[in-house]
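The values are calculated or read from the model by the stated rules, or taken from the named source; none is laboratory data. If you're wondering where the values come from, they're calculated on a predicted model, not measured in any experiment. When we count neighbours, we look across all protein chains shown, and the Cβ atoms used for this are built from the backbone with ideal geometry, even at glycine. For accessibility, only protein heavy atoms count, side chains too; no ligands or nucleic acids. Shrake-Rupley method; radii C 1.70, N 1.55, O 1.52, S 1.80 Å.
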Amino acid sequence: MKAKNSGRHYVLSAVSAWLALVGLLCIGLGIITDYIETRQVRQASDNAVRYIQNKYGITAEVIKVNERLSPDDGKRRIQMSCNDKSFIVCAEDMCDSDFGRDSYQYDDIAAAFAEKISSELQGGIFVRSQVENTETFDDRSVYWGTILFDTYFDGTNLDEIMNENFSGYLTMLLYDTDLSEHSELIKWLCDHRFDLELVCLDTKEHMEEFSGFISSNVNYYGISPVYYKYYAPHLTDYLKAKDGVITQSGVDIRLKAAHEFSYCRFEDNEEKAFPKTPENDDLGMEISEYDVLGEVYEHRVDKDIIKTPISQEYCFNNKEGRTWIYYPLDKLEGYKLEDIALVYTHISGVTNDIIRPKKCGDYAVFECLHSNTVLFFRLVDYPEN
């Protein structure tokens with residue numbers, strides 16, 4: 001029994017010793033890791049301070065040194081400050097190095113870019129632009145991007161800066177502009193891998209109004225194509241480029257006239273691309289020979305909806321699901337736009353609804369739904385309250 005106990009004691013002692021050794025190794029590795037991290041942070045800080053001093057002749061303060069994005073990266077993203085100006089530097093953390101890229105001149109470069117564009121595309125409105133974006137990237141962003149620059153910007157070498165610094169995007173509204181007259185600038189942007197969306201409207205007033213119309217609906221991908229449909233009568237030119245290649249040029253929206261108004265329907269898959277009219281776009285829009293709305297609403301509780309008609313009754317085949325109607329505002333003089341409604345119905349009276357317009361330039365714009373059916377409609381003066 002004593003021998004057995006001695007053997008068990010020996011095993012337990014060996015395990016304890018092994019666990020103690022593992023614990024010491026972990027502590028040692030932790031100390032070494034902390035030492036390496038501290039040394040790398042100090043090295044990256046020293047390199048960043050020296051890099052800024054050599055490039056701009058200023059002494060900057062290190063605010064924060066971020067972790068490497070990957071273990072083998074060898075570079076750190078460093079937040080710095082000088083004269084109440086915050087900026088970012090990318091510097092190496094393993095040894096003394098003159099390598100660096102920074103965002104110190106970002107605002108100056110962005111302003112020079114905007115001035116170059118604005119000097120040729122005069123009077124336009126910048127909707128979105130990567131060069132215009134001055135928000136500080138968070139810790140999850142990559143080092144390389146248009147906010148970090150290697151070459152010193154002296155005010156005259158924008159081309160050199162743009163040649164080095166990746167790609168970007170630009171969405172811009174213009175008015176009374178023929179984009180074919182600006183082919184050199186467009187080529188310059190495409191050569192520098194800018195994704196473009198240049199939208200031309202007929203007048204400055206409509207451009208400014210459209211800018212307000214889309215202001216809260218612009219995202220990373222640009223302007224949602226549905227908003228172009230509202231201003232279709234005022235669009236004069238359009239250009240889109242992706243990865244330096246022009247993918248669309250011109251406006252392929254064909255409005256049709258129908259006595260008092262214009263109308264159009266658009267191709268399927270309409271939310272994914274700039275809208276255009278399909279090849280087969282004949283809706284058979286015509287003045288109705290019957291008072292279908294009157295008959296349908298005659299025995300309805302809400303028959304007062306059609307009590308005060310503004311337009312004649314029309315009928316059309318809404319076979320593609322959505323038809324857009326552009327009614328000139330000058331034909332609605334004497335009425336309050338917020339009181340106007342488009343009332344439509346199927347001949348059976350089963351499908352019916354009222355649509356309020358959106359004021360878009362010189363038109364009250366209505367979007368009619370319900371596909372694969374012949375609809376009858378007219379405009380009425382029908383206040384909501």
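Each residue in segment 237-278 was checked for being of a type in the set (S, T, N, Q) and open to solvent by 70 Å² or more (accessible area, probe 1.4 Å), and 3 pass. Of the numbered criteria (1) part of a strand (DSSP E or B); (2) surrounded by fewer than 20 Cβ atoms within 10 Å (Cβ to Cβ), the one residue 187 fails is (1). Residues in segment 102-135 that are open to solvent by 60 Å² or more (accessible area, probe 1.4 Å) and either in contact with a Phe, Trp or Tyr (Cβ under 9 Å, 6 or more places away or on another chain) or at pLDDT 90 or above (or both): 108, 115, 116, 119, 120, 122, 132, 134. In this entry, residue 232 is excluded by the filter for residues that are over 17 Å from residue 125 (Cα atoms), open to solvent by less than 20 Å² (accessible area, probe 1.4 Å) and in contact with an Asp or Glu (Cβ under 9 Å, 6 or more places away or on another chain).
Out of the residues in segment 210-220 meeting the condition of being aromatic (Phe, Trp, Tyr) and surrounded by 13 or more Cβ atoms within 10 Å (Cβ to Cβ), tell me which one is farthest from residue 279 (Cα to Cα). Taking the candidates together, the pick is 213. With the condition kept exactly as written, say whether any residue in segment 136-145 is at pLDDT 60 or above and either surrounded by 13 or more Cβ atoms within 10 Å (Cβ to Cβ) or of a type in the set (A, V, I, L, M, F, W, C) (or both). No: zero hits. Where residues in segment 274-309 are of a type in the set (A, V, I, L, M, F, W, C) and touching an Asp or Glu at 6+ places or on another chain (Cβ under 8 Å), which of them is nearest to residue 222 (Cα to Cα)? Only one residue tops the list, namely 287. Here residue 325 clears all of (1) farther than 24 Å from residue 250 by Cα; (2) at pLDDT 85 or above; (3) part of a strand (DSSP E or B) except the condition numbered (1).
So how many residues does segment 333-385 have that are among the aliphatic types (A, V, I, L, M), open to solvent by 60 Å² or more (accessible area, probe 1.4 Å) and not in a strand (DSSP E or B)? Result for segment 333-385: 3. Picking from residues in segment 56-112 that are acidic (Asp, Glu) and out of contact with any helix residue (DSSP H, G or I) (no Cβ under 9 Å at 6 or more places or on another chain), the one that is farthest from residue 155 (Cα to Cα) is 72.
Looking at segment 191-218, I want the residues that are in a loop (DSSP other than H, G, I, E, B) and have a partner that is buried (at least 17 other Cβ atoms within 10 Å of the Cβ) and not acidic (Asp, Glu) with Cβ atoms under 6 Å, at least 6 apart or on another chain. Which pairs are those? Correct list of pairs: 192/162; 202/234; 202/236; 203/175. The set of residues in segment 36-50 that are more than 20 Å from residue 149 (Cβ to Cβ) and either open to solvent by 30 Å² or more (accessible area, probe 1.4 Å) or outside any helix (DSSP H, G or I) (or both) comprises 36, 37, 38, 39, 41, 42, 43, 46. If you go through segment 304-314 one residue at a time, do you hit one that is assigned to a strand (DSSP E or B), in contact (Cβ under 8 Å) with a residue 12 or more places away in the chain and within 37 Å of the chain's Cα centre (by Cα)? There is no residue in segment 304-314 that is assigned to a strand (DSSP E or B), in contact (Cβ under 8 Å) with a residue 12 or more places away in the chain and within 37 Å of the chain's Cα centre (by Cα). When segment 279-294 is filtered for residues that are part of a loop (DSSP other than H, G, I, E, B) and open to solvent by less than 60 Å² (accessible area, probe 1.4 Å), the ones remaining, listed by number, are 281, 283, 284, 285, 288. Reported count of residues in segment 162-181, each being modelled with pLDDT under 85, more than 20 Å from the chain's Cα centre (by Cα) and not charged (D, E, K, R), is 3. Consider segment 63-95 and keep the residues that are small (Gly, Ala, Ser) and either surrounded by fewer than 20 Cβ atoms within 10 Å (Cβ to Cβ) or under 30 Å from the mean Cα position of the chain (by Cα) (or both). The one that is modelled with the lowest pLDDT is 70. For segment 333-357, a tally of residues being closer than 11 Å to residue 310 by Cβ and aromatic (Phe, Trp, Tyr) returns 1.
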